[in-house]
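**Q** The structure that follows is given in the form of structure tokens.
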Amino acid sequence: MQACALIADDIMDGSETRRGKPCWHTLEDVGLNAVNDAFMLENFAYYVLYKYLGSDQQYPRLVREMQKSGLRTIFGQSLDSRFSLKRDFNDFTQKNYEVLVKYKTSYYTFYSPVSCSMILAGIEDDAVFKSVEKLVLSLGYLFQVQDDFLDCFGNPKVTGKVGTDIIDGKCSWLIVKALEVASEEERRLLEKCYGHKNEMDEMEVKRLYDELNVKNLCEEEEILIHKKVVEMIKGLRSDIPQKPFFYLLNTIYKRNK
């Protein structure tokens with residue numbers, strides 16, 4: 001399911017690299033056949049699920065969870081594209097960013113895998129799912145803020161991809177925060193240069209990010225989210241193990257790729 005989403009995302013964004021290798025659709029013998037390949041991968045996920053768990057009593061719940069995850073991700077991708085194409089800077093708000101991240105990233109990257117594990121474990125208490133959902137969606141938010149940071153400030157040799165959020169006009173955490181703290185003149189420059197496939201404009205946006213201290217603000221945000229998630233994990237009911245959630249948090253905290 002993730003491979004399907006990433007292929008589609010790379011096509012929609014016009015990306016050239018992913019994890020240090022050429023994106024699937026850029027290969028000479030693939031091209032737009034990558035669209036069909038993405039559909040194939042999505043259907044294989046359901047085939048594998050049926051092959052190995054089709055007789056499990058939890059199979060129907062697993063299918064429903066995967067379907068919900070897929071639909072939510074499609075909503076997120078749609079929002080991502082619409083924000084970029086419309087490029088109305090009044091839409092680049094913290095509230096809209098949080099909605100975008102929840103559907104584009106958090107559900108399929110964090111909540112769906114955890115939810116499926118809980119279903120297989122036979123957990124049926126809705127209250128447990130709700131508390132876990134809130135927690136892992138916060139993990140997803142942290143993950144996406146980091147992704148936005150690495151897209152701009154990361155080393156492509158480490159991250160495996162060249163960042164394009166600025167030239168693509170993405171509603172990223174960096175531009176949302178920059179617009180929040182910018183003066184009228186700085187905002188005018190951001191609106192003038194952001195979202196253009198022009199190296200000079202991209203460099204001007206990065207200069208403004210430096211001037212507005214966005215890099216440090218992002219690092220502070222990561223620390224605050226980490227603290228919030230730790231408190232949420234410690235606040236889980238006693239019958240919910242904390243270790244898996246601390247493992248997830250520690251896996252992504254302060255990551256550089």
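**Q** Restricting attention to region 1-48, which residues are of a type in the set (A, V, I, L, M, F, W, C) and open to solvent by less than 40 Å² (accessible area, probe 1.4 Å)?
**A** Residues of region 1-48 that are of a type in the set (A, V, I, L, M, F, W, C), as a first pass: 1, 3-8, 11-12, 23-24, 27, 30, 32, 34-35, 38-41, 44-45, 48.
If the condition is that a residue be of a type in the set (A, V, I, L, M, F, W, C) and open to solvent by less than 40 Å² (accessible area, probe 1.4 Å), then 4, 5, 6, 7, 8, 23, 30, 34, 38, 45 are the ones that fit.
**Q** Please go through region 62-83 and pick out each residue that is open to solvent by less than 30 Å² (accessible area, probe 1.4 Å) and of a type in the set (Phe, Trp, Tyr).
**A** Listed by number, the list holds a single entry, 83.
**Q** Another question, then. Pick from region 85-124 the residues that are acidic (Asp, Glu) and open to solvent by 60 Å² or more (accessible area, probe 1.4 Å): which of them is modelled with the lowest pLDDT?
**A** Among residues in region 85-124 that are acidic (Asp, Glu) and open to solvent by 60 Å² or more (accessible area, probe 1.4 Å), the one modelled with the lowest pLDDT is 124.
**Q** Do we have any residue at all in region 234-250 that's farther than 26 Å from residue 162 by Cα, among the β-branched types (Val, Ile, Thr), touching a residue at least 24 places away in the same chain (Cβ under 8 Å) and open to solvent by less than 70 Å² (accessible area, probe 1.4 Å)?
**A** Yes, some residue in region 234-250 is farther than 26 Å from residue 162 by Cα, among the β-branched types (Val, Ile, Thr), touching a residue at least 24 places away in the same chain (Cβ under 8 Å) and open to solvent by less than 70 Å² (accessible area, probe 1.4 Å).
**Q** Take the conditions open to solvent by 20 Å² or more (accessible area, probe 1.4 Å), at pLDDT below 95, out of contact with any helix residue (DSSP H, G or I) (no Cβ under 8 Å at 6 or more places or on another chain) and closer than 29 Å to residue 194 by Cα and apply them to residue 162. Does it pass? Break it down into steps so the answer makes sense when it comes.
**A** On the way: open to solvent by 20 Å² or more (accessible area, probe 1.4 Å): yes; at pLDDT below 95: yes; out of contact with any helix residue (DSSP H, G or I) (no Cβ under 8 Å at 6 or more places or on another chain): no; closer than 29 Å to residue 194 by Cα: yes.
So residue 162 does not fit the description; no.
**Q** Moving to a separate point now. Please state which of the following conditions residue 56 fails to meet, knowing it meets all the rest: (1) loosely packed, with under 15 Cβ neighbours inside 10 Å; (2) under 21 Å from residue 130 (Cα atoms); (3) charged (D, E, K, R).
**A** Here residue 56 meets the rest and fails (2).
**Q** Also, I was wondering about something else. In region 125-155, which residue that is open to solvent by 30 Å² or more (accessible area, probe 1.4 Å) and more than 18 Å from the chain's Cα centre (by Cα) is farthest from residue 222 (Cα to Cα)?
**A** The extreme case among them is 125.
**Q** Just a yes or no: is a residue in region 181-202 touching a residue at least 12 places away in the same chain (Cβ under 8 Å), open to solvent by 50 Å² or more (accessible area, probe 1.4 Å), among the acidic types (Asp, Glu) and touching a Leu at 6+ places or on another chain (Cβ under 9 Å)?
**A** yes
**Q** OK, next. Cβ contacts < 6 Å: first residue within 13 Å of residue 150 (Cβ to Cβ), restricted to region 162-178; second residue not in a helix (DSSP H, G or I), any location; separation 6+ or different chain. Result?
**A** Listed by first residue and then by second, the contacts come to 162/17; 165/172.
The values are calculated or read from the model by the stated rules, or taken from the named source; none is laboratory data. As the structure is a prediction and not an experimental result, all values here were calculated from the model. Glycine also receives a Cβ, built like all others from the backbone with ideal geometry; neighbour counts cover every protein chain displayed. Side chains included, ligands, DNA and RNA excluded: accessible areas come from the protein's heavy atoms. Shrake-Rupley method; radii C 1.70, N 1.55, O 1.52, S 1.80 Å.
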